[in-house]
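Single-structure report; data block below.
The values are calculated or read from the model by the stated rules, or taken from the named source; none is laboratory data. Keep in mind that what you see is a predicted model, and the values were worked out from it rather than measured. The protein model used for the area step is the full one, side chains on, heavy atoms only, and it has no ligands, DNA or RNA in it. Shrake-Rupley method; radii C 1.70, N 1.55, O 1.52, S 1.80 Å.
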Amino acid sequence: LHDGMRVGPERIPAIVRIRLLGWDVDLFSSRSDYDLACLERATPAVVEGVEIKVVSPEDLIIHKLHKLKDDRRKLLQDAADLKAIAEARGDALDEAWLRKWLEPTDADFVLRLRTLADSEMVQWLSSR
């Protein structure tokens, strides 16, 4: 794999991370009903002449929460990302979608993110 990393022992990894235009980009393989639903909701975008699909803000939140269950190496960065997404989207977050694909406590957490102090947010993420 050129300029990237694989995550997972499978022949087709769950995540491939590449560097694109100075950004770390995670490419997810679709393996579950959720992955396929996420892909259907993704927005087409063109990067350097190549059409790609970008996940919705809600799906980025869901992916980050799932990743944090197994990999907390970037906990503070992921916490900052989660809060920034919640603040940017405000009341426009799709609550029904979050509740469909997240555990109830995770969905409640996401919907309260804008009101939590950073220390509360990091503590909650660390304890789950």
Cα extents of the chain per principal axis, largest first, Å, are 40, 29, 28
With all protein chains present, the chain has a carbon and sulfur share of its accessible area (1.4 Å probe) in percent of 55
Computed on Cα atoms only, the convex hull of the stretch 56-128 has an orientation-averaged projected area in nm² of 4.2
Which of 20, 82, 102 fluctuates most in a GNM of the chain (C-alpha springs under 10 Å)? That residue is 20
